[in-house]
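Below: the structure, in structure tokens.
The values are calculated or read from the model by the stated rules, or taken from the named source; none is laboratory data. What you see is a predicted model; the values in this text were computed from it and never measured. With ideal geometry, Cβ positions are generated from the backbone for all residues, glycine too; neighbour counts draw on all protein chains shown. Just so you know, the surface numbers come from the protein's heavy atoms only, side chains and all, with ligands and any DNA or RNA stripped out. Shrake-Rupley method; radii C 1.70, N 1.55, O 1.52, S 1.80 Å.
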Amino acid sequence: MAVRAPASQGDASAERYLFVDRNQVGNPASQADWTAKRLVWVPSERHGFEAAGLREEREDEMLVELAENGRQVLVAKDDIQKMNPPKFTKVEDMAELTCLNEASVLHNLKDRYYSGLIYTYSGLFCVVINPYKNLPIYTEQIVEMYRGKKRHEMPPHIYAISEAAYRSMLQDREDQSILCTGESGAGKTENTKKVIQYLAHVASSHKARKDHNVPGELERQLLQANPILEAFGNAKTVKNDNSSRFGKFIRINFDVAGYIVGANIETYLLEKSRAIRQAKDERTFHIFYQLLVGAGEHMKGKSLFVLPKEQRARLPSFALSDHIFLKLGCLSP
């Protein structure tokens, strides 16, 4: 379990999104309540699962009392799942749970998420839930907090995963891989950028390290490649305003001392059809809108994408709706 270290004033606001206050969880009163009521998890149409106390056993069913409203219901024995003791509340690694079942995993993730803790370990994996807002846990000060630390010494974070991979590469002299996977809008693109940000900081060149940890030219190029890729390969969808419509494999090369010496990015499975046709409430790739916003009247007049000149002449001014391939989906940002 991660131990909270004395924090500076700048890090204090970030701590609530990283550390669990163990003084507020697993208190004796909660433990006594859990034992007395014999609390378990039962299916719920509204919440997925909800807490209930065991009351009576009846052949293949159990009479339980719902903790939320005190109502008593009959539940099939096979649908009841054990609840972990209160000391496991908001546990950082779900592999430590005594009762590792679906209800307990979902409850722990939900409990941590509502407390602002978006990162949770599950064995070798790091589960991330998109907060849909900016959190102050990606600053250079936070990078330095995780630098050189073992995974169990710090709370769950994408930086801890990056640090573990980097140190394993240096110690074992073997290639390391980090796979970011999930559904659209889960945060794959953003967390990939955080991995690159971390490695660019801790593995900067000799020259960059002497210059107050300012990234060198190679590291800067690596960080600046993402906006270009996103312009040509990302688009707005129903689920995600910046959805990657392609896959990418990023390979970063290091020298024997652990400094970045090169990188290459391979892209594949680009959704080319989006360039000419979009579904309702979706848009084509960002680059088209960016080009048209920055284009002058002369360039707009030469564009092969816009409506014929005689049709545009009847319009008050050039707009996105003039663009044949942009007006098929959603025109709003």
Odd one out for V127, checked against (1) at pLDDT 95 or above; (2) loosely packed, with under 14 Cβ neighbours inside 10 Å; (3) among the aliphatic types (A, V, I, L, M): (2)
Helices (runs of 4 or more DSSP H) contained entirely in the stretch 221-333, each with at least 1 residues that are open to solvent by less than 40 Å² (accessible area, probe 1.4 Å), modelled with pLDDT under 90 and of a type in the set (A, V, I, L, M): 286-294
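Let's see how each residue does on (1) modelled with pLDDT under 90; (2) open to solvent by 80 Å² or more (accessible area, probe 1.4 Å):
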{"position": "R4", "(1), (2)": "yes, yes"}
{"position": "G10", "(1), (2)": "yes, no"}
{"position": "N23", "(1), (2)": "yes, yes"}
{"position": "G26", "(1), (2)": "yes, no"}
{"position": "A32", "(1), (2)": "yes, no"}
{"position": "P43", "(1), (2)": "no, no"}
{"position": "A51", "(1), (2)": "no, no"}
Residue within the stretch 173-190 that is basic (K, R), farther than 30 Å from A51 by Cβ and without any contact (Cβ under 8 Å) to a residue 12 or more places away in the chain present: yes
